[in-house]
Amino acid sequence: MKVFRLLIFPLFLLLSGCGSFFDNQMVQNPPEFEALIQELDSELNFNNEQLSSARSSIDLGRDFHPDPASLWELAVKLQKTLTQEQKDLLFSKIFDGEIISEENDHHHGRLKHFRRMDDRLINILNEDQIIIYQDLKDSKLELMDNVILEYENEEIDRKRLRLESISIMEWFRAEIKILLTDEQYDLIITERGERDFRWRRGRQGWGRHAQNPEEIKLARQNALELTADQILALENLRISEQESLDVLKNSYVSGSSNISGEEFRLNIISIIENSVSEKELVFTKLQKEIIEIHRALVIRYMRYTRWGNR
């Protein structure tokens, strides 16, 4: 459960990179793809045509492996070929604790990565800062526990779970920035960037577009067949949301907003919730279903691969 709490945020924040180190590398039949197809076949009871088309569709995404962009073609195909009963089954299993179990996290190095970051942060803090940091971690875990319990008790749905989780992590990051001196913060950011760079360079079997944000964005646009007007509207909404979040975060960190941590979290939720509602108006019913199928696929895909770049 502890690992579940620590790692829930990255489960919802789906993946983008900043430049590919493997532009000339092609991925042939990643085992994660076949594992996902077999799971879907077992769960949804594909007929022969569905199984064949699903496998062909996921093969088209190997240039993006292991990024979730590799699943867009599969999501489009499943939207067209699944029965409503199969779609209902796919959506019903939208959250699976086994995906972020301690065993799975150990296998993919997630838990080790988290602990290494935690140890490094503690090493640069003074005694007074460490006490505050430990209190912040305890508060974060308590908040996560409460939200997860509400979800398990069906008091909130998975969309609210995602919003609450994002708000908790944004609050935690803001508090860490308040806690650290400018020198400490710059050091942590620099070291994190260097670690990410080394980690990405050391990965094998990555597709040539796996860390190319423009190609990843284009894959989504093509899968959803977004019009020029839709692309422009979504980009404007993205910019507006980010600007609002930046203003809120900066004012909270500086203390000029004079709001509590809970008020900060609620404002985060409000900004994202409003943005999501506006984005919903941009998409067609068909596009929304493809997006939901893609999300359901990503949840399962994470059982077999790393989160990606975030």
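Kindly indicate whether any position in the range 252-271 is within 25 Å of Asn222 (Cβ to Cβ) and either crowded, with 17+ Cβ neighbours inside 10 Å or of a type in the set (Lys, Arg) (or both).
Just the residues of the range 252-271 that are within 25 Å of Asn222 (Cβ to Cβ), to begin with: none.
No, the range 252-271 has no match at all.
Do we find that Glu241 is touching a helix residue (DSSP H, G or I) at 6+ places or on another chain (Cβ under 6 Å), farther than 19 Å from Lys177 by Cα and part of a helix (DSSP H, G or I) in this structure? Before the answer, list the steps.
On the way: touching a helix residue (DSSP H, G or I) at 6+ places or on another chain (Cβ under 6 Å): yes; farther than 19 Å from Lys177 by Cα: yes; part of a helix (DSSP H, G or I): yes.
So Glu241 fits the description; yes.
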Contacts under 8 angstrom Cβ, first residue in the range 120-132 being assigned to a helix (DSSP H, G or I), partner surrounded by 10 or more Cβ atoms within 10 Å (Cβ to Cβ) and not hydrophobic (A, V, I, L, M, F, W, C), 6 or more apart: Arg120/Glu191; Leu121/Tyr133; Ile122/Tyr133; Ile124/Gln184
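Those residues that are part of a helix (DSSP H, G or I) and either of a type in the set (Gly, Ala, Ser) or in contact with a strand residue (DSSP E or B) (Cβ under 7 Å, 6 or more places away or on another chain) (or both), I need them from the range 60-83; list them, please.
Restricting attention to the range 60-83, the residues satisfying the condition of being part of a helix (DSSP H, G or I) are 62-64, 68-81.
Once the filter is applied, which keeps residues that are part of a helix (DSSP H, G or I) and either of a type in the set (Gly, Ala, Ser) or in contact with a strand residue (DSSP E or B) (Cβ under 7 Å, 6 or more places away or on another chain) (or both), the range 60-83 yields Ala69, Ser70, Ala75.
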Selection count where residues are modelled with pLDDT of 95 or more and farther than 26 Å from Glu225 by Cα, scope the range 264-310: 8
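In the set Glu194, Glu155, Glu150, Glu183, which member is surrounded by 12 or more Cβ atoms within 10 Å (Cβ to Cβ) and either outside any helix (DSSP H, G or I) or over 19 Å from the mean Cα position of the chain (by Cα) (or both)? Explain how you work it out, then say what you get.
Numbers: Glu194 fails: surrounded by 12 or more Cβ atoms within 10 Å (Cβ to Cβ); Glu155 fails: surrounded by 12 or more Cβ atoms within 10 Å (Cβ to Cβ); Glu183 fails: surrounded by 12 or more Cβ atoms within 10 Å (Cβ to Cβ).
Exactly one of Glu194, Glu155, Glu150, Glu183 is surrounded by 12 or more Cβ atoms within 10 Å (Cβ to Cβ) and either outside any helix (DSSP H, G or I) or over 19 Å from the mean Cα position of the chain (by Cα) (or both), namely Glu150.
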Please state which of the following conditions Ile176 fails to meet, knowing it meets all the rest: (1) at pLDDT 85 or above; (2) within 19 Å of the chain's Cα centre (by Cα); (3) surrounded by 14 or more Cβ atoms within 10 Å (Cβ to Cβ); (4) not in a loop (DSSP other than H, G, I, E, B). (2)
Return the residue satisfying two criteria in turn: it lies in the range 208-222 and is of a type outside the set (Lys, Arg) and over 19 Å from Lys77 (Cα atoms), and of such residues it is surrounded by the most Cβ atoms within 10 Å (Cβ to Cβ). Ala210
Is there any pair with a first residue in the range 253-281 that is under 25 Å from Asp182 (Cβ atoms) and a second that is surrounded by 14 or more Cβ atoms within 10 Å (Cβ to Cβ) and among the basic types (Lys, Arg) whose Cβ atoms are under 7 Å apart and which are 6 or more apart or on different chains, and what are they? Val253/Lys177
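Condition test on Arg120, is it under 19 Å from the mean Cα position of the chain (by Cα) and either among the charged types (D, E, K, R) or surrounded by fewer than 12 Cβ atoms within 10 Å (Cβ to Cβ) (or both)?
Numbers: under 19 Å from the mean Cα position of the chain (by Cα): no; either among the charged types (D, E, K, R) or surrounded by fewer than 12 Cβ atoms within 10 Å (Cβ to Cβ) (or both): yes.
No; evaluated as a whole, the condition is false for this residue.
Name the one entry in Ile268, Ile259, Ile272 that is under 22 Å from Met169 (Cβ atoms) and not in a helix (DSSP H, G or I).
Values: Ile268 fails: not in a helix (DSSP H, G or I); Ile272 fails: not in a helix (DSSP H, G or I).
Ile259 is the lone residue from the list that is under 22 Å from Met169 (Cβ atoms) and not in a helix (DSSP H, G or I).
The values are calculated or read from the model by the stated rules, or taken from the named source; none is laboratory data. Quick caveat: nothing in here was measured; it's all calculated off a predicted structure. Methodologically, a virtual Cβ is constructed for each residue, glycine included, from the backbone with ideal geometry; neighbour enumeration extends over all protein chains shown.
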